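Working notes, structure below.
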Amino acid sequence: MEVKDHLRAVLRAAACALFLAFALRAVGQTPKLSRPNQPRTLSPDEIQPLIRAVAENDIANDLKQRDYTYLQREEEHKLDGRGKQKSFETRDFEIMMLYGQQVRRLIARNDKPLGPAEAAKEEKKIQEIMRKREQETPEQREKRLEKEVREREEERAFVREIADAYTFRLVGTEAHDGRETYVLDADPRPGFQPHLKDAKYLPKFRGRIWIDSAETQWVKADIEAIDTVSWGLFLARFHKGSRIGLELTRVNDEVWLPKSVSLKLSARLAVLKSINVTEEVSYRDYKKFRSATKIVPVTPPPEK
């Protein structure tokens, strides 16, 4: 379990956070073109203001997501060296916000409710988080909020690296969920010199992004590792050819939230043997809990 959790954390923090959460949103305000089917390259003069604007929009979107609870389902396939399935596991989580902190509660494994012992463990985790927040002193709260502001400023600084790290090219338009989208490719820019430590990973990824032309919001992405990515001296190695696919959906006509994530991962952790997995993550039943606004279901629960 610890290996799985660590692998998942490395993958999402490094691959998604470094490339997706910022690089994709750097073109989230793509201007409407008079001839959208004609491919062209976005110039640095166009990208720079987009990055600055989207950095602020991204934070606003994140804050709105905190007003929602939802269900998350993970389906994990472990593969052998030949790509054949060795094992299959599903996990269902309830996602909630407690005192401004997003918390996941495991509620089912392999389509079966948790046993008494595991359910009690999950409940204990929730109670500990609540108790910690309730006992938080004004000084501790101020320190925590200052840390959040600092992290957002660091995100803004990272976003500014994207203009130098990638060349964005419009390759055409495409219908997605009945909506018109621009399709753009993001390729590493030769000679890119990162200024921030984490930005050194950017040239090791490339991607294709689908942008909703009406909302100027990225709605779909396909990301590929084009080189081996390593973290720490012996910590982890994310192999070339690993892929990440993501889709967002519009919720309550006010916010874009995750719809699905697909991972195809070949990696190695520390001195352990190589890990080859595919994982499908789906999100459903978004519900706003800080407003009386009518909730519109995103997708129906999967049939059992």
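To keep it simple, each residue is scored yes or no on (1) part of a helix (DSSP H, G or I); (2) within 22 Å of PRO113 (Cα to Cα).
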{"position": "LYS64", "(1), (2)": "yes, no"}
{"position": "LEU71", "(1), (2)": "no, yes"}
{"position": "GLU75", "(1), (2)": "no, yes"}
{"position": "ARG82", "(1), (2)": "no, no"}
{"position": "PHE88", "(1), (2)": "no, yes"}
{"position": "PHE93", "(1), (2)": "no, yes"}
{"position": "MET96", "(1), (2)": "no, yes"}
{"position": "VAL103", "(1), (2)": "no, yes"}
Quick one: THR137 ticks every box in (1) farther than 30 Å from PRO190 by Cα; (2) polar (S, T, N, Q); (3) surrounded by 14 or more Cβ atoms within 10 Å (Cβ to Cβ) bar one, so which box is it? (3)
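Residues are listed down the side, and each one gets a yes or a no for (1) assigned to a strand (DSSP E or B); (2) hydroxyl-bearing (Ser, Thr, Tyr); (3) touching a Leu at 6+ places or on another chain (Cβ under 8 Å):
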| residue | (1), (2), (3) |
| --- | --- |
| ARG150 | no, no, no |
| GLU153 | no, no, no |
| ARG169 | yes, no, yes |
| GLU174 | yes, no, no |
| LEU196 | no, no, no |
| GLY207 | yes, no, yes |
| LYS220 | yes, no, yes |
| GLU224 | yes, no, no |
Right, ASP92: touching a residue at least 24 places away in the same chain (Cβ under 8 Å), farther than 26 Å from ARG141 by Cβ and of a type outside the set (Phe, Trp, Tyr) or not? no
Any idea which of ASP164, ASP222, ASP187, ASP212 is over 17 Å from the mean Cα position of the chain (by Cα), modelled with pLDDT of 85 or more, surrounded by 14 or more Cβ atoms within 10 Å (Cβ to Cβ) and not small (Gly, Ala, Ser)? ASP187
Taking the stretch 269-299, which residues are farther than 30 Å from HIS77 by Cβ and either of a type outside the set (Lys, Arg) or at pLDDT below 80 (or both)? PHE289, ARG290, SER291, ALA292, THR293, LYS294, ILE295, VAL296
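The values are calculated or read from the model by the stated rules, or taken from the named source; none is laboratory data. Keep in mind that this is a model prediction, so the values were computed, not measured. For neighbour counting, all protein chains shown are included, and Cβ atoms are generated from backbone atoms with ideal geometry for every residue, glycine included.
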